[in-house]
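Heads up, the thing below is written out as structure tokens.
Each value in this text was obtained by applying a stated rule to the coordinates, not by laboratory testing. Computed from a predicted structure; not experimentally measured. Don't worry about glycine lacking a Cβ; one is built from the backbone with ideal geometry, like all the others, and counts go over all protein chains shown.
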Ligand code: DSN
């Protein structure tokens, strides 16, 4: 295989094998899911839904999509599923398009608090400009303060409340969100993208009894291909028996064209894998690994947002090392062979591009078969990297930052300490395959 594309794929596989992935929204797919993605299913157009397509030749695709839908409904215990959304952002847009009118109030967690752009982030997003966006911040100890959420809801009367997060390390209390939604008559949408694998594995409470609609991406803790599922609960159907149809119409013709059939098949395979007893063990180990990583980081003197974790992720508060220091730490970690992402912290004094936190998660390392011993070692390595770069302070003057970061990166790329750690990390990482069943 001489085409540069294949060479680059080989290089990426080598990178993933030799490094340790700690981005909580990423995961490694099983060989079965990976294989399905490279099938002839990608060559077929199938706009519409099973039994009602706009193109001929969908006899097999219909069966595949129905299989994915049935598996989703069974696994989550809901009466309706749509598996066509291209990913989480289009899926959230579809739910909003289905249930809101332009200008309606939409309430979600702020980006800084741990929410998502599509949860109404103001000014620059579709959801934050097309709708009247109300954002709730975190309260004491970086937890959701439901008294404040309720007060905000009563003040602004949102038509939709989104209970969902991307960097919130604690359990989401869907019953409290339901109380708030009921108080103002709002739709309750749960975006469980990050925690779906934990929910299926019995490590996090399910939103099914409380939410009207649930959206999850399929590639995070669920460990499938990049895509999304929209579920409607019994509760949602009781409120509007046509809710499923409204969601379907919002996907197509509302927002999308032909579904990505190979992805649909990959979702079906991933759902079957998640239904196996082994997946519960995976979810359990993911939690244990997160606890060990968090405890090690704290023991090494690092500060975690909210003091720890109750799910698969944690956010290191790097403010003691200067505003925006997530930039230097995340880069230096990557040089040392561990890739994570810089992240905002609550009440971030920096910016999303130069944030003061570091987000870490255990989905990928757990999929590779790593356990508590490896987590403790990784935690100590991360602390050593922070210690190593802590005197490299990002300039306050935005004009000086670009040059500083460029010089920092050039220096880090040649840093003997980081490069030596990279050898140690590689020695550990290569003992584990990308996917261990
Ligand atoms: N980009 C995802 C994450 O990293 O959490 C959310 O869409």
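Quick notes on this one:
- Distance from the C-alpha centroid of segment 388-409 to that of segment 269-304: 33 Å, rounded to the whole angstrom.
- Taking a ≥ b ≥ c as the square roots of the eigenvalues of the Cα gyration tensor, an a/c ratio below 1.5 marks segment 75-234 as rounded.
- Within segment 322-342: backbone nitrogen closer than 17 Å to the residue 34 label point (7 Å, Cα to C-beta): none
- A simple spin-label model places the labels of residue 42 and residue 417 4.3 nm from each other, with each point 7 Å out along Cα-to-Cβ.
- By definition, a body whose alpha carbon gyration tensor gives a ≥ b ≥ c is oblate when a/c is 1.5 or more and a/b is not larger than b/c, and segment 201-249 fits this oblate description.
- Nearest-ten-degree value, helix 277-299 long axis tilted from longest Cα axis of the chain: 40
- Cα-based shape type of the chain, given that a ≥ b ≥ c are square roots of the gyration tensor eigenvalues and the cut on a/c is 1.5: oblate
- Max mean-square fluctuation residue, GNM over the chain, Cα-Cα springs under 10 Å, options 162, 267, 60: 60
- Relative to the dominant Cα principal axis of the chain, helix 416-429 is inclined by about 50°.
- Label-point separation, residue 101 to residue 373 (7 Å along Cα→Cβ), nm: 6.4
- Computed lengthening from residue 430 to residue 26, 0.36 nm per intervening residue step minus Cα-Cα distance: 143.6 nm
- In the chain, the DSSP-assigned H stretches of four residues or longer account for a calculated mean residue ellipticity at 222 nm of -14000 deg cm²/dmol, using -39500 (n - 2.57) per stretch and the full residue count as denominator.
- Just checking the listed ones, 409, 242, 426: in the Gaussian network model of the chain with Cα springs under 10 Å, the one fluctuating most is 242.
- GNM remark for the chain: springs join alpha carbons under 10 Å apart, and the peak mean-square fluctuation among 29, 319, 333 falls on 319.
- Taking each residue as 0.36 nm, the span from residue 299 to residue 12 lengthens on full extension beyond its C-alpha to C-alpha distance by 100.0 nm.
- Two-site label geometry, residue 4 and residue 63: point separation in nm, points 7 Å out along Cα→Cβ: 4.2
- For the chain, the longest principal axis of the Cα atoms and the long axis of helix 261-274 meet at an angle of about 70 degrees.
- Estimated at 0.36 nm per residue, the fully extended path between residue 70 and residue 123 surpasses their Cα-Cα distance by 15.2 nm.
- Cα centroid separation, segment 10-58 to segment 356-375 (Å): 23
- Cα centroid separation - segment 213-244 against segment 67-132, whole Å: 10
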